[in-house]
Amino acid sequence: MLPLGKLSKYGPNGPERRSNFTKEETSTIMSLWLITRSPLMLGGNLPENDAFLNSFLTNDEALEVLKKSENNTQLFNANGLIAWTADVQGSKDKYLALFNAGDPLKDVAGRDVKVSFKDLGLDGKCAVRDLWAKKDLGKFANEYSVMIPWHGAMLYRVRAE
């Protein structure tokens, strides 16, 4: 169960409080649950969610990863940088989730995570769409690289051009 939003409103599980996850950690847990096709069972009180959390729970493009991904697998896990990929049903496109699970370093905002399109089974130029932002990021040759904040994650759809 995902402990997101307002918790312990009812029952003997301690005082009423909000989840201790940061925005980055919320992005991480939601991205991980989607790319691994885990059931989304929330432990918070839904009517009291804030707009930020609701943007994750109602994002139709991101929720498609849970509904329509196949062959979900971890691509790499090294030094706190993690990538998962999955096929998009009925398409040659790929879903890609990138994570920075490393421990924060002083005075550094995050770390760059790089993925080769060849490792995704795609060649040449690819279009990358940020599913959380619902925004096309452009076309990239051979690889994609992004700075991910500590304990943060990104979720993409990658299409060969």
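Structure notes:
- Taking the stretch 134-161 as the range and being under 15 Å from the mean Cα position of the chain (by Cα) and surrounded by 15 or more Cβ atoms within 10 Å (Cβ to Cβ) as the test, the residues that pass are V146, I148, P149, W150, H151, G152, A153, M154, L155, Y156, R157, V158.
- Pairs where the first residue, in the stretch 9-24, is farther than 13 Å from G43 by Cα and the second is part of a loop (DSSP other than H, G, I, E, B) and modelled with pLDDT under 80, C-beta under 9 Å, 6+ apart: G14/S8; P15/S8
- A109 being hydrophobic (A, V, I, L, M, F, W, C), in contact with a His (Cβ under 9 Å, 6 or more places away or on another chain) and closer than 22 Å to T22 by Cβ: no
The values are calculated or read from the model by the stated rules, or taken from the named source; none is laboratory data. In this text, all values refer to a predicted model and were calculated from it rather than measured experimentally. Please note: Cβ atoms are built from the backbone with ideal geometry, for glycine as well, and neighbour counts cover all protein chains shown.
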